[in-house]
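Following: one structure in structure tokens, then a few remarks.
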2 protein chains.
Amino acid sequence: MNEIGVGLLGFGTVGAGVVEGLQKNGDLLAERTGVRLALRRIADVDMVRDRGVKLEPGVLTNDAAAVINDPAVQVVVELIGGTKIAKQFILQALALGKPVVTANKALLAEHGEEIFAAAARHHTGVFYEASVAGGVPIIRALREGLVANRIARIYGILNGTCNYILTKMEREQVTFEHALKEAQAAGFAEADPGLDIDGHDTAHKAAILASLAYGVQVPMSRVYVEGIRGLAKTDIECARGLGYGIKLLAVIKHADGAIEVRVHPTLVPAGHMIASVSGVFNVVLVEGDIVGQTAYYGRGAGRLPTASAVLSDLADVARRLSAGPGRLPEPAPQPASAAVYRDLGAIMSRYYLRLSLLDKPGMLGQVMTILGQHGISIASVLQKEMHAGKHVPVIIVTDQAQEKDFEAALRILDAMDGVGGRTVRMRIEDLGTEK
Amino acid sequence: MNEIGVGLLGFGTVGAGVVEGLQKNGDLLAERTGVRLALRRIADVDMVRDRGVKLEPGVLTNDAAAVINDPAVQVVVELIGGTKIAKQFILQALALGKPVVTANKALLAEHGEEIFAAAARHHTGVFYEASVAGGVPIIRALREGLVANRIARIYGILNGTCNYILTKMEREQVTFEHALKEAQAAGFAEADPGLDIDGHDTAHKAAILASLAYGVQVPMSRVYVEGIRGLAKTDIECARGLGYGIKLLAVIKHADGAIEVRVHPTLVPAGHMIASVSGVFNVVLVEGDIVGQTAYYGRGAGRLPTASAVLSDLADVARRLSAGPGRLPEPAPQPASAAVYRDLGAIMSRYYLRLSLLDKPGMLGQVMTILGQHGISIASVLQKEMHAGKHVPVIIVTDQAQEKDFEAALRILDAMDGVGGRTVRMRIEDLGTEK
């Protein structure tokens, strides 16, 4: 049987998962693909920590170059993360014509153009199933399963930490801060949770999905990002009362020749399958012009789920390499210049608005008038408590409006006498009427 | 650009969808794959009916052999359906070394062994993404995305007609007969609905998924089938009261070296994502030993969703053919002899039981005793109405028990004085604790 030598850079959580997966199911993989994956070398700065897997002596080194340059290593797996040293190592491997498998979403989102160009130049490939939604084979679904479709929309819950926090807030009626602390205690959030809760991790993944869907390298500067930090408990409760759940959603759309990619807390219909995706699970809903809506669900992170995706890429590389030369390159995204992006102000959305409004006659009328003057129709209004002379929360749900009109109205509302405290606005996605 | 000639057998709903998809997105496909799919010939017995798509003159013929044998046709798409003439045509195409793309679940489930063997003998391939779950790329997910996983379990809602009926019964509290009539009126059920509502269509798809997951050709005789015909409205209501929805579920499991494949109405937890899959949508939940639970969702039938899957297979074939000789065969399932199947009596399940029981002291105690004597523990009992001296419905939910013990207890219960009318039993699947 053909053997393909694997070199691993980074022996952390996922790296150890890849080793465990190979040890456990290496024979099965060989049987299914006709090629054996042989783990030759692993590089990590930490040579001593116990990762719960046994290695042959001499496999682990702290010299990444030795792994990359080893002639017995035919494919390099990069699991270091970050955009500095990982990029350098990947470019070195590609320069040697060696294919690279990576889970590095930040690197692909920020430097994908350079990396895919290097792969093309050296007639090799970069495989990144593990970079989005962990073990869920969404990259393959977009590239192969839905290849006949123009992608109209993608909605994604792509960050398990955020979804865990939002699920906890909704089910246990706790505050954001409380849910974050529990997520940290449970190992589902980092000590420094910014990359997750401020939406940047989701944004990286959204950029990768959009790039694949539209065949262009979407720059991060074109991805609008808003996280869930400080989301108020009361908004989760109000949204539920209106028949919505709140999710940190990646929203990718293509219409009238323009692409929009955004990440923000979003109200989604409570009865929709997307709203039922809870805890650390991820989901990606893809709408194609032929297939309609399809969705892909599973664990978006973690040692073994991510390893499953890395191993599927390794199996793919192994099959291709063993089929002979010239079988590797996959079409890489086109340069970003080819695409047109929709400015945030030009997007259309429905909005959820929570105002703190002085309870006196005519106030609500003034709010309505201002919204109306900006062409914004109201779908529903909710003012629960009455306390004449005090500020009370008023919830307004709008019909479709343009973002810049809504924001203009909001600026006027915020400056209005009788509007106090913090005004909250969130976008609503109805996720299509296909249900 | 390379061109691959396509011959189409069967110009019905899906056939017309494939033509429409190619006309609409043929350029996109060529751009994405580097190969152009050229529709050369179509064979159908009906040469006149308008299918809503325009064809070049001379493309449509009533001579299937002329399409199969045309040297300009390099890949044959079979969309005739059924197990007779479709099989003959597929074997003819394979004998010429031409790859075949098919949506024919009945044929693959019943004669897969012969067809895959013919493909292997002639060094070509059979591609069948469209045979299960319409446009949802579940075949690719199992074959490639989850290639590193041993598949522990698969749960599938695989028949849109049944799911439409069950959704209608649940949401509108109508009877089975009423929901079936509405499904027929809406075009979601055939005039002769037996293949769908008696579970055979789901069973064919379950056999295909199990065959792929375990690398053996699962014979239909090993697939236990029970449909939803005549399902009582009251059981849907009782199940809901207990926190369950009822779905026609394909259940595929592999444990202790034995495979079980069964199709039956199943109680699933109402909060689970699976229970939220409504109407004509399909879902396949796959649990791998490395990735955990993943799921795949979308429209399971229809002109364009199925065409999307056919076109993805055509794109795959085109890429492989244009990469040169020797690139086609995919590993075919092993002969059935290699596998061990679990007898239905040996499966473990929880059960829902609805008895019509005479309301008199001691009756429920007798029922409990009989269940206890068969080693069956009770999780909950519900007896709503009280009418001394009359028969009242009693709902019992059991803990895990072996099917043969449960059936033995049921036979005794059914023969017991004071048990009247029709006793209903359904299996419960808790779908894992991963949520």
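The values are calculated or read from the model by the stated rules, or taken from the named source; none is laboratory data. Here the structure is a predicted model, which means the values were calculated and not measured. Ideal geometry is used to build each Cβ from the backbone, glycine not excepted, and the neighbour counts take in all protein chains shown. Accessible surface areas use protein heavy atoms only, side chains included; no ligands, DNA or RNA. Shrake-Rupley method; radii C 1.70, N 1.55, O 1.52, S 1.80 Å.
Figures for the structure shown
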| item | result |
| --- | --- |
| Proximal charge balance of A:G81 [Cβ under 13 Å; K/R count +1, D/E count -1] | -2 |
| Degrees, to the nearest 10: A:363-373 long Cα axis against longest axis of chain A | 60 degrees |
| Cα-based Rg and Dmax for chain B, where Dmax is the largest Cα-Cα distance (Å) | 24.1, 82 |
| Shape category assigned to the protein assembly as shown from the gyration tensor of Cα positions, a/c cut at 1.5 | rounded |
| Cross-link reach list, lysines versus A:K390, counting only Cα pairs under 17 Å and skipping chain neighbours closer than eight places | A:K360 |
| Buried accessible area, chains B and A (both chains, 1.4 Å probe, Å² to nearest 100) | 4600 Å² |
| Solvent-accessible area, 1.4 Å probe, carbon plus sulfur percent, for chain A | 52 percent |
| Span per principal axis, largest first, for the Cα atoms of the stretch A:25-105 (Å) | 37, 31, 26 |
| Radius of gyration, Dmax [the stretch A:1-143; alpha carbons; angstrom] | 14.6, 40 |
| Among the listed pairs B:K205/B:K404; A:K247/A:K404; B:K233/B:K384; A:K168/A:K233; A:K205/A:K247, those beyond 18 Å (Cα-Cα) | B:K205/B:K404; A:K247/A:K404 |
| The stretch A:373-390 residues near the modelled A:M416 label - backbone nitrogen below 12 Å, point 7 Å along Cα→Cβ | A:373-374 |
| Inter-copy separations for A:P71, label at 7 Å along Cα-Cβ, nm, ascending | 4.7 |
| The stretch B:344-428 - Debye-derived log10 I(q)/I(0), Cα point model, q = 0.13, 0.17 Å⁻¹ | -0.36, -0.62 |
| Between helix B:85-95 and chain B: long-axis angle, C-alpha atoms, 0 to 90°, nearest 10 | 50 degrees |
| Shortest-first distances to equivalent copies, position A:G187, nm, label 7 Å out along Cβ | 5.2 |
| A from B by rotation - nearest chain B beta carbon to the axis, in Å | B:S276, 2 |
| Heavy atoms of B:R422 accessible to a 1.4 Å probe, total area in Å² rounded to 10 | 150 Å² |
| Cβ neighbours within 10 Å from other chains - mean over A:299-311 | 4 |
| ³J(HN,Hα) computed for each position of the stretch B:215-224 - Karplus, 6.51 cos²θ - 1.76 cosθ + 1.60, integer Hz, glycine/proline x | x, 10, 8, 6, x, 4, 5, 9, 9, 7 |
| Highest-fluctuation residue, A:E170, A:E129, A:E114 considered, GNM on chain A with Cα pairs under 10 Å | A:E114 |
| Teacher prompt: A:G58 distances to equivalent labels in other copies, 7 Å Cα→Cβ, nm | 6.8 |
| Fraction of beta bridges assigned by DSSP in chain A that are antiparallel (%, nearest 5) | 65 percent |
| From phi via Karplus (6.51, -1.76, 1.60), per-residue ³J(HN,Hα) for the stretch A:144-157 in Hz, x at Gly/Pro | 10, x, 10, 4, 8, 10, 6, 8, 7, 8, 10, 10, x, 9 |
| Max mean-square fluctuation residue, GNM over chain B, Cα-Cα springs under 10 Å, options B:G58, B:G160, B:G199 | B:G58 |
| 5 angstrom amide H check on B:R350, placed H, neighbours 5+ away | B:A401, B:I428 |
| For B:I259, net neighbour charge (Lys/Arg +1, Asp/Glu -1) across residues whose Cβ lies under 10 Å away | +2 |
| For the stretch B:138-299, the Rg and Dmax computed from alpha carbons only, in angstrom | 15.6, 46 |
| J(HN,Hα) series, the stretch A:70-78, from Karplus relation 6.51 cos²θ - 1.76 cosθ + 1.60, nearest Hz, glycine and proline x | 4, x, 7, 9, 9, 9, 10, 9, 9 |
| Heavy atoms of B:D201: accessible area, 1.4 Å probe, square angstrom to 10 | 20 Å² |
| Exposure rank, largest accessible area first [A:L9, B:L37; 1.4 Å] | B:L37, A:L9 |
| Residue among A:G300, A:G52, A:G156 with the largest mean-square fluctuation in a Gaussian network model of chain A, springs linking Cα atoms under 10 Å | A:G52 |
| Angle between chain A longest axis and helix A:160-172 axis [Cα atoms, degrees, rounded to 10] | 40 degrees |
| Over the protein assembly as shown: helical MRE at 222 nm, DSSP H runs n ≥ 4 each giving -39500 (n - 2.57), nearest 500 | -11000 deg cm²/dmol |
| Nearby lysines by direct alpha-carbon distance to B:K54 (threshold 27 angstrom, same-chain neighbours under 8 apart not counted) | B:K24, B:K98 |
